[in-house]
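Visitor: This structure is in structure tokens; I'll ask about it shortly.
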Amino acid sequence: MSSVLQKLISPLASTPAEPPRNKVTVVGVGQVGMACAISILLRDLCDELALVDVMKDRLKGEMMDLQHGSLFLKTSKIVADTDYAVTANSRLVVVTAGVRQQEGESRLNLVQRNVNVFKSIIPQIIKYSPNCTLVVVSNPVDVLTYVTWKLSGLPKHRVIGSGTNLDSARFRFLMAERLGIHASSFNGWVLGEHGDTSVPVWSGANVAGVNLQKLNPEIGTDDDSEQWKATHKAVVDSAYEVIKLKGYTNWAIGLSVADLTESIIKNMSRVHPVSTMVKDMYGIEEEVFLSLPCVLNSSGVSSVINMTLTDAEVGQLRNSADTLWGIQKDLKDV
Amino acid sequence: MLITCWYLYISARSIAKHYLNMASILQKLITPLFSGPPELPRNKVTVVGVGQVGMACAVSILLRELTDELALVDVMEDKLKGEMMDLQHGSLFLKTSKIVADTDYSVTANSRIVVVTAGVRQQEGESRLNLVQRNVNIFKHIVPLIVRYSPNCIIIVVSNPVDVLTYVTWKLSGLPKHRVIGSGTNLDSARFRFLMAEKLGIHPSSFNGWILGEHGDTSVPVWSGTNVAGVNLQTLNPDIGTENDEENWMETHKMVVDSAYEVIRLKGYTNWAIGLSVADLVESLIRNMNRIHPVSTMVQGMYGISDAVYLSLPCVLNGGGVASVVNMTLTDDEVSQLQESASTLWDIQKDLQDV
């Protein structure tokens, strides 16, 4: 008695199932991880999505909920497990695991809590996907990207921190709003530390190539009558503001991670402000990760754009590097 | 004296500088060509309720680039503002240039589509029908406001129990029945197609199967219509969906019914699948596509149903709403299941206050 399947469908070739070509793993199924997952799915970026977490029920529930949407998606395989074997053969692994910022807590205060979590996660990721590219999202992202790099043993071009990709997106949105244009038509970069001491590169801010600092030489300074500096301050305060209002942030970071994923998976060589190893640049002598404009493609960070920064901006980057190294040197077991 | 002169000089210099540079960056950078009132949105979507379901609908709609303006409404001011800001911060990556939110419904004006997700959610183990009166009271406040600001909109009701609440929305809105749609069994059918397709090793979009009737425990899988590439499964296995079926295909439908309870048990709520399915409906409506979806519509007069109830049938959706309904060839048993659902729903509806 043959089954419906046997009557309906005749296999042509009984070869083993093809391994995935564009598999993405998301580690951590909290609000940020799931926002990354849904953004990646809705942008049709991967042929297989794997989710990992320690909370078994939540993990299974999230996987089922996504699978139930399969009719509307182009990602035919969505899997999840607490065992990292499910992540094997990933091209890209997005790490959102760890504890989140509490209201009023600065990112740097999260550090040791998250380092301990990473010590159990990173070696497992590498074990099953030795050739992957890692995108670290958990905060404090610059320190944790350094930690990930050390724990993974991967070359530095394969470990990226989401860094100031989100800060720059917020900056471009807020600046563009003031000018009545779309965020994508405003060019502006926020570099350095993702956090309170991020550096808005006012000298590069432009619309259609028209440099804003030429129109207003005081832009970004305290003397500026238009107070453009307040816009960068709003970027720094953004996360705290949204956390205060709704308890966490997830949509913007999810969309920004999908944007990075697209450049890497599609080998696009687009330039993004992401956290990379900056030792020996701008006079920085320590092994720290800070955000600079990086060319992203299938190999990860293939190159870095050399910015023309003012002395003050270089000084700010060096200060961030010192602050980060101050934290990193005291970390245990990295 | 010298110091006074110096100070006079400095202030004169800064006043001069101020006057010379009075034009802002905006004025120097951008010259308006046209100063009329801003264009009205053409494809505005409002989502009422910024809980997990509402936000999943919102982000799915944004990522599918369906709307030129998205409005969010809720009663919780801080949460609402936080969600709006979080979406706005992603604007660089989106093609929806206006995202607004307010507790005041005037922010929803001129919407083409309003997705209603407001209300209280199913608790673990609670059946959808038990939510009813709680949500009716909320809708009495919401629906008239929606219609006041968007009198020509199409309303998609998602809140549970969806069939009853779509009826309630229709009555409270005064809109014609083709403009009030319940998300209905669109999600059940999507889950059914996913689970069936998994068993057959194909993509859900290649498995055709419809679940109709009540979104909930008594939904009706139309086994007689299930097919792949036109090959009818019931023809291959006449026992399909019955107790006698050796392959126990009816188990798959049972899994569909249990799905929501299972996911709620595991993660506390469901949101992604319903969000994706709502975006799918919005796409058909906004793009005037005439695609057929199983959604909840007013079925009085069909299949021997005499009560004014909403149940899911295959509906042709386009820019006007529900343009038409497909007449299914159902077995007597399937028809009586629909009739039973209709009676169950009418029993609840007839006792509702102020509808």
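The values are calculated or read from the model by the stated rules, or taken from the named source; none is laboratory data. Since this is a predicted model, take the numbers as computed values, not measurements. Note that we place each Cβ from the backbone using ideal geometry, even for glycine, and neighbour counts take in every protein chain shown. Ligands, DNA and RNA are excluded from the accessible area calculation, which covers all protein heavy atoms including side chains. Shrake-Rupley method; radii C 1.70, N 1.55, O 1.52, S 1.80 Å.
Visitor: Being surrounded by fewer than 24 Cβ atoms within 10 Å (Cβ to Cβ) and touching a residue at least 60 places away in the same chain (Cβ under 8 Å) narrows it down to one of B:R134, B:R121, B:R148, so name that one.
Guide: The unique qualifying residue is B:R121.
Visitor: Can we say B:L212 is more than 30 Å from A:S3 (Cβ to Cβ) and not in a helix (DSSP H, G or I)?
Guide: Criteria not met by B:L212.
Visitor: Might you check whether a residue that is more than 20 Å from the chain's Cα centre (by Cα) and among the small types (G, A, S) occurs anywhere in segment B:246-259?
Guide: Checked against the condition, which is being more than 20 Å from the chain's Cα centre (by Cα) and among the small types (G, A, S), segment B:246-259 yields no hits at all.
Visitor: Something else: Can you find, within segment A:224-246, the residue that is least open to solvent (accessible area, probe 1.4 Å) among those that are farther than 20 Å from A:L309 by Cβ and more than 28 Å from the chain's Cα centre (by Cα)?
Guide: Selected residue: A:E226.
Visitor: A further question follows. Mind listing whichever residues of segment A:46-88 are within 10 Å of chain B (Cβ to nearest Cβ), of a type in the set (S, T, N, Q) and assigned to a loop (DSSP other than H, G, I, E, B)?
Guide: Scanning segment A:46-88 gives a single hit, A:S76.
Visitor: Yes or no: segment B:98-106 includes at least one residue that is in contact (Cβ under 8 Å) with a residue 24 or more places away in the chain, part of a loop (DSSP other than H, G, I, E, B), farther than 30 Å from A:S70 by Cα and touching an Asp or Glu at 6+ places or on another chain (Cβ under 8 Å).
Guide: yes
Visitor: Output yes when any residue across segment B:205-215 is at the interface with chain A (Cβ under 7 Å from one of its Cβ atoms) and either among the charged types (D, E, K, R) or open to solvent by less than 20 Å² (accessible area, probe 1.4 Å) (or both), and no when none is.
Guide: The initial filter retains those residues of segment B:205-215 that are at the interface with chain A (Cβ under 7 Å from one of its Cβ atoms), namely B:205.
Of the ones still in play, those that are also either among the charged types (D, E, K, R) or open to solvent by less than 20 Å² (accessible area, probe 1.4 Å) (or both) are none.
No, that holds for no residue.
Visitor: Check off (1) more than 14 Å from chain B (Cβ to nearest Cβ); (2) among the hydrophobic types (A, V, I, L, M, F, W, C); (3) in contact (Cβ under 8 Å) with a residue 24 or more places away in the chain for A:V99 and give me the number that stays unchecked.
Guide: (3)
Visitor: For A:R170, which of the numbered conditions (1) surrounded by fewer than 24 Cβ atoms within 10 Å (Cβ to Cβ); (2) charged (D, E, K, R); (3) under 16 Å from B:F93 (Cβ atoms) fails to hold?
Guide: The single condition A:R170 does not satisfy is (1).
Visitor: Please work out if B:A279 is at the interface with chain A (Cβ under 8 Å from one of its Cβ atoms) and surrounded by 18 or more Cβ atoms within 10 Å (Cβ to Cβ).
Guide: yes
Visitor: Mind listing whichever residues of segment A:21-33 are within 12 Å of chain B (Cβ to nearest Cβ) and either surrounded by fewer than 24 Cβ atoms within 10 Å (Cβ to Cβ) or of a type in the set (D, E, K, R) (or both)?
Guide: Step one: of segment A:21-33, the residues within 12 Å of chain B (Cβ to nearest Cβ) are A:29-32.
Passing the criteria: A:G30, A:Q31.
Visitor: From the list B:V75, B:V59, exactly one residue is open to solvent by less than 40 Å² (accessible area, probe 1.4 Å) and modelled with pLDDT of 95 or more. Which is it?
Guide: B:V59
Visitor: Considering every residue within segment B:340-347, establish whether at least one is open to solvent by less than 30 Å² (accessible area, probe 1.4 Å), farther than 23 Å from B:I142 by Cβ and among the small types (G, A, S). Reasoning before the result, please.
Guide: Going through segment B:340-347, the residues open to solvent by less than 30 Å² (accessible area, probe 1.4 Å) turn out to be B:341-342, B:345.
Those left that are additionally farther than 23 Å from B:I142 by Cβ: B:341-342.
Then drop every residue that is not among the small types (G, A, S), which leaves B:341-342.
Yes, there is a match, as at least one residue in segment B:340-347 is open to solvent by less than 30 Å² (accessible area, probe 1.4 Å), farther than 23 Å from B:I142 by Cβ and among the small types (G, A, S).
Visitor: Further question: Has segment B:208-217 got at least one residue that is under 24 Å from the mean Cα position of the chain (by Cα), free of Cβ contacts under 8 Å to residues at least 60 places away in the same chain and under 22 Å from B:T297 (Cα atoms)?
Guide: yes
Visitor: Consider only pairs whose beta carbons are under 7 Å apart and that are at least six residues apart or on different chains; among these, list those whose first residue lies in segment A:16-28 and is hydroxyl-bearing (S, T, Y) and whose second residue is assigned to a loop (DSSP other than H, G, I, E, B).
Guide: A:T25/A:S90
Visitor: OK, next. Residues in segment A:216-266 that are out of contact with any Leu (no Cβ under 9 Å at 6 or more places or on another chain), in a helix (DSSP H, G or I) and more than 10 Å from chain B (Cβ to nearest Cβ): how many?
Guide: Qualifying residue count for the region: 6.
Visitor: Given the conditions (1) under 20 Å from A:R318 (Cα atoms); (2) open to solvent by 10 Å² or more (accessible area, probe 1.4 Å); (3) away from chain B (no Cβ under 14 Å), and given that A:R158 satisfies all but one, which numbered condition is not satisfied?
Guide: Result: A:R158 passes all but (1).
Visitor: Within segment B:32-52, can one find any residue that is in a helix (DSSP H, G or I) and either surrounded by fewer than 21 Cβ atoms within 10 Å (Cβ to Cβ) or in contact (Cβ under 8 Å) with a residue 12 or more places away in the chain (or both)?
Guide: Checked against the condition, which is being in a helix (DSSP H, G or I) and either surrounded by fewer than 21 Cβ atoms within 10 Å (Cβ to Cβ) or in contact (Cβ under 8 Å) with a residue 12 or more places away in the chain (or both), segment B:32-52 yields at least one hit.
Visitor: Taking the residues in segment B:222-238 that are in a loop (DSSP other than H, G, I, E, B) and facing chain A (nearest Cβ under 10 Å) as candidates, determine which candidate is least open to solvent (accessible area, probe 1.4 Å).
Guide: B:T226
Visitor: With the condition kept exactly as written, say whether any residue in segment B:248-268 is within 29 Å of A:I40 (Cα to Cα), hydroxyl-bearing (S, T, Y) and open to solvent by 50 Å² or more (accessible area, probe 1.4 Å).
Guide: Checking segment B:248-268: at least one residue is within 29 Å of A:I40 (Cα to Cα), hydroxyl-bearing (S, T, Y) and open to solvent by 50 Å² or more (accessible area, probe 1.4 Å).
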